[in-house]
Structures are given as C-alpha cells and as structure tokens.
Amino acid sequence: MKKIFILLFAVAVSFGCSDGSTGSVTESGSSGKDVCSSSEPCADKSQPAETPVQEKTGVEEEAKPETAGESQAESAEYSRKNNTRDAPGPVSYGKDSVENTSVSVPGKKKTKVVFLIADGAGPSIFNLLIEYARYSKKSPYGGKPSNLEKMMNAGRIAYVINGTAKTLVTDSAAAATQLATGKLTNPGNLGVDDKFFKAENLAELSKKKGLATGVVTNTHITDATPGAFAAHVNNRNKHEFIALSYLDADLDVVLGGGAKYFINSSAFRLENGLRRQIPYASKIDKEGGKLNILPEIRKKGYDVVFDRQNLKNYSGRKLFGLFASHGMAYEIARPEHEPSLSEMSSKALEVLSKNEKGFFLMIESGLIDWVAHPNETGAVMKELLEFDRLLGVLISYINRNPETLLVITADHDTGGVGFEYAHLDAADYERRKAAGYELFSKTDGYSNGEYVAGVTDHMDYAAKENLDILAGQKKTYVDMFREIKELSETERTPQKISEIFYEGTGLRLPPEKFTPDMGVEQLSRVFNKETGMFWGSHNHTGAPLLTVYYGNQGSLRGGVLQNTELHDTIEEFIKAD
C-alpha cells in the first residue's frame, strides 16, 4: 500500500485548461441544446433556459407592497461581513478507533453509501494535510496521523485517471458527470454523455431502489459537482435550469449555497417575513436572482432552512438548506450563521438514516478547488482541515453502521502544488537564518543562474515549520488586496503593504518585497516563495487521483481505474441484495 501511495505522489503533473480562475463559472454561450432525454439527444431550443423555468414555477403574480415589519428588518438586517470565526479547535478523529475495514458485511439490511468528492484535491493537495498532521509541532493532531491517512491505511486505495471522451484534462462538470453516471462525456456537460443523451445518475438509481438520497456541498447547489447528481443539461452555466432540476430530482436532503438561483428579490415581498429569516438577504438583492422557486420547493414537502442554528435544530425527514446567496464562505473566514461542511454532512446523515432501506449521499468539499485556483495555499490548508474533521464524523458513523460504504475521491487536481527548494541570495539567507529557519549551504553553487565551483550556495529546503505558517494564515490574498486597494496613493507604501501582509499571513517580511501596484497574484508569489510552495498552474491539471474505499468494501475494485469505473463499483454495491 505504501508503494502505491508513493507512486501517486511521484507522478509528474501535466497542465491543462480550467473552467474558471476562481472555481466558479462565468456565463458563456450555449449550443442552444438544453433539455435532455434518455431516448434522444438534447434538442435545439430557440428560447433561453429561463423561459421553461418561468413557465414551470408559475409565480408571475403582481408584487405586493413590503410590510413595515419587513422594511425594519431590512434596515437592521443580519450582516456579518467582517466577522470571522475563531481558530478551529482540535481535529476530531471520531469517537471510535480506526481499524482495518476491508470487509464485506454479509446479509446487510440496509444499503448506505457516502460518495465524498474533494473538488480539485489531487494527491499533492492531500499531501499537505498528511504532512501537516505528521510533522507540525503546533497542529491539533499532536503528531498523530490525519483521519485521511488512517483511512488510507485501513481501507483500500485506487489510482484513478479522469480524462473525458475527447480530452486529457477535465472540468468539474464532465468529471462529476462521469462519476455520477459512468458515462464518458466532455467538458461543460452535466448529466449527459458525449452525444448529449441523458444518463442516469447514482441518486436516481438509488431512488428507484427505495433509498433516501441527498446532496451536500459548501459551494452552491447549482454548481457542477452537485448539479451532476440532479440535472441533465449540456451547459453547466444554466444555473436556473439546474435549480429547477432539483424539483424533479426530489432528493430528500439538499444542503449548500446558491439561494439567488431559487429566490429573487421580489420573493421578499411575496412571502411575509422571508427577509428576516435569511442572514444574507441583501446579497440576493444585489446579485439579482431571476426566479422564485421557493414556493415549489415547499410544495414538494421540503422544510427550508437558511442558517446554522436552524439546521442544528432540524429533526424532520425532508430538508432543503440554502446558506449563502452564491457559494458558501471559505473556511478561513466563515461567518457564524453558515454551517461548516462537517455540520451539514452530520445533519444529512441523521436525516437520511431514517429511511428503513438506507440511503445514497454525495458530499462535495468544493471550496478546495475554489481556493486552489488563485493558489491560496493557506486557505487550501484550512479547507483540508475541515475536510479531515468531516472524515472524523464519517469514521464515527461507519464504526456504528458497518454496512456503510464510503468512497473518497477527487474530480480533478487544481494547481499542481508542492514544496520545492530555493537558492537564497545573501540578504534572504541572513534574514531567514536570524528568524530561525533551517537552512543549508554548500561550497559549489549558483551565481546569476550559472553553476560555479567554489561559490557558496545557500539553500532552503522548505522547513517543516512552514506547514504551521500555512495553517496559521488568517486572510486570503483577495482580502488583503482589498485592504490595499482601499488605501489612498500616499498611504499605499511598501511599509504599509508589508504590515497588511503580516496581519494576514503572520509573516514579517522587509518592505522591499512589496510594491504599491501589487495584485493578488503578486501577493501569492511572495507568500509561496517564502514558504517553499510551488504552484504549477492556476488551472486544472491532468494529474492522476487518489481514491479511498472505506467501510463495507466487499469486492470493490482497486488498482488503476478510469473514473467512470467508480460509478460502476458503487452501482454494483447499490444493486446488490
């Protein structure tokens, strides 16, 4: 097993195209095909996707005047713009120990499947978590392995490639579709094969078997990965159409962001008191939702919640949670009213477990990808720590429910990250040495890019303490850049930028490292160079992926797999008596 693991991390990373620099997508053109069936390809449509959606929701009534109470609520609305959560506590390993779970549970009475997709988390990103737990002197792990490493050792590992029908590099839509349906497709497609035929997904299959079904994400529920388990459309950017698809999918639990695709600003006038229930109501107004599907959601029998406390208190059987207007907040700055990924997943397990036959649950840790696109290394570490807390929840659940199968994978790698060594000039060498860095020198080295015998070469091989710097970052580069932009020209000095950088990262660097015109990418380079981080790209790469089977694995296939085969493996498990 260790040899396989080493092989995974040794594979050279090849680079490709991305579907967006922030992990979210921008509206783009469409071929005109939109509604898909299993018997024929998507037909050309002259009308935009919004037209059939409006016809189906049927909420074209005249807007009612806003009540005085709603107006007062709007003026005193719940705003946590600058609030950030306290640093997370110790990482939970679950109440029970991790044992070898490469077993089959004979005569299982229930079928329980959790499909966990860490968006953008190639092996090198997972390695940040594994090394942090092993080597950090300040981490909550105390030198113990991460939950991920424990599950890798106790479960079974597969090496997964994820090319599409025509490409070596994928986007999340195609990758999630191939994982959800087992059909090869092409970038941009969601729930359809490469010929645009509708393909049944694992949630639909599970529903036919009488299982409860759910989707959880910390992005928005109309994003590519969750959308692949609910929609069938040839363009991942048709968010309103994907939102409408959740009505037909009729899942038992849906949790994530994306409220602006389900609620428009006029809905606050149509439904008395709605504005007061939603902490982020002002964002829905600003971001301009087109539809109000909320009444239709309630007609489907859903209880709808909008914040962390109401999620925590929920005890019903059919739950729809919308916790942000668009994507949910990064873990590095998550507001109090938003639940964490582990909290959402724990509630989903609680609700779905009420089904007597079992359930299928897809969980996406989607913000790993969103922060990897701009190479936000510290923010990636924060997302990985929350991911590992979720694994602690799942370990505990599976130890109590051994019939459960957990499949952990990624849809693709983002960024091609890793540690590298650096050749230091004299000034950086003296500064880092004074700060306590572990440095090395040799008598033969580089001078102006040329290798010269007898020249002292000072080397920084990325000290293990750098992991603590990553985990200790408090702000994203984007947030730091916003602070810099708000400064006047006279205030925007290298010294002031150095102070902002220190407040956000904990790194005290000399002012000459900064310039008044620095952007997000330049701040990223300064931080990553200081911590020994190498990012090969801002895009998706074609790196192979790590997949871990844990729990009731039975005869599930390991080895080298195309990602469509993960679907096939799960499908066989669901269909088994």
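The values are calculated or read from the model by the stated rules, or taken from the named source; none is laboratory data. These numbers come from a predicted model, not from an experiment. As a convention, Cβ positions derive from the backbone with ideal geometry for all residues, glycine included, and neighbour counts pool all protein chains shown.
List the pairs whose first member sits in the stretch 399-411 and is within 19 Å of Leu384 (Cβ to Cβ), whose second member is assigned to a loop (DSSP other than H, G, I, E, B), and whose Cβ atoms are under 6 Å apart, counting only residues at least 6 apart or on separate chains?
Partner pairs satisfying both residue conditions: Ala410/Ala121; Asp411/Asp119.
So, in the stretch 178-193, exactly how many residues are touching a His at 6+ places or on another chain (Cβ under 9 Å) and either of a type in the set (Val, Ile, Thr) or within 14 Å of Leu168 (Cβ to Cβ) (or both)?
3
Are any residues in the stretch 532-551 outside any strand (DSSP E or B) and in contact with a Gly (Cβ under 9 Å, 6 or more places away or on another chain), and if so, which ones?
Within the stretch 532-551, the first condition is being outside any strand (DSSP E or B), and the residues that meet it are 532, 536-539, 542-544.
Within the stretch 532-551, Gly536, Ser537, His538, Asn539, Gly542, Ala543, Pro544 qualify.
Residues of the stretch 552-564 being out of contact with any Pro (no Cβ under 7 Å at 6 or more places or on another chain) and either without any contact (Cβ under 8 Å) to a residue 60 or more places away in the chain or assigned to a strand (DSSP E or B) (or both), which ones? Even if it seems obvious, please write down each step before you answer.
At the first step, the residues of the stretch 552-564 found to be out of contact with any Pro (no Cβ under 7 Å at 6 or more places or on another chain) are 553-564.
Within the stretch 552-564, Gly559, Val560, Leu561, Gln562 qualify.
Whether any residue in the stretch 535-556 is touching a helix residue (DSSP H, G or I) at 6+ places or on another chain (Cβ under 7 Å) and more than 30 Å from Val393 (Cα to Cα) is what I want to check.
Taking every residue of the stretch 535-556 in turn, at least one turns out to be touching a helix residue (DSSP H, G or I) at 6+ places or on another chain (Cβ under 7 Å) and more than 30 Å from Val393 (Cα to Cα).
Glu465 - would you say it is of a type outside the set (A, V, I, L, M, F, W, C), surrounded by 15 or more Cβ atoms within 10 Å (Cβ to Cβ), farther than 30 Å from Thr170 by Cβ and out of contact with any Leu (no Cβ under 9 Å at 6 or more places or on another chain)?
Values: of a type outside the set (A, V, I, L, M, F, W, C): yes; surrounded by 15 or more Cβ atoms within 10 Å (Cβ to Cβ): yes; farther than 30 Å from Thr170 by Cβ: yes; out of contact with any Leu (no Cβ under 9 Å at 6 or more places or on another chain): yes.
Judged against the criteria, Glu465 is a match.
Kindly indicate the residue of the stretch 515-544 that is polar (S, T, N, Q) and touching a Pro at 6+ places or on another chain (Cβ under 7 Å) and also modelled with the highest pLDDT among those meeting that condition. Don't jump to the end; show me each part of the working.
Residues of the stretch 515-544 that are polar (S, T, N, Q), as a first pass: 515, 522, 524, 528, 531, 537, 539, 541.
Cutting the leftovers down to touching a Pro at 6+ places or on another chain (Cβ under 7 Å) gives us 515, 524.
On the way: Thr515: 95, Ser524: 92.
It comes out as Thr515.
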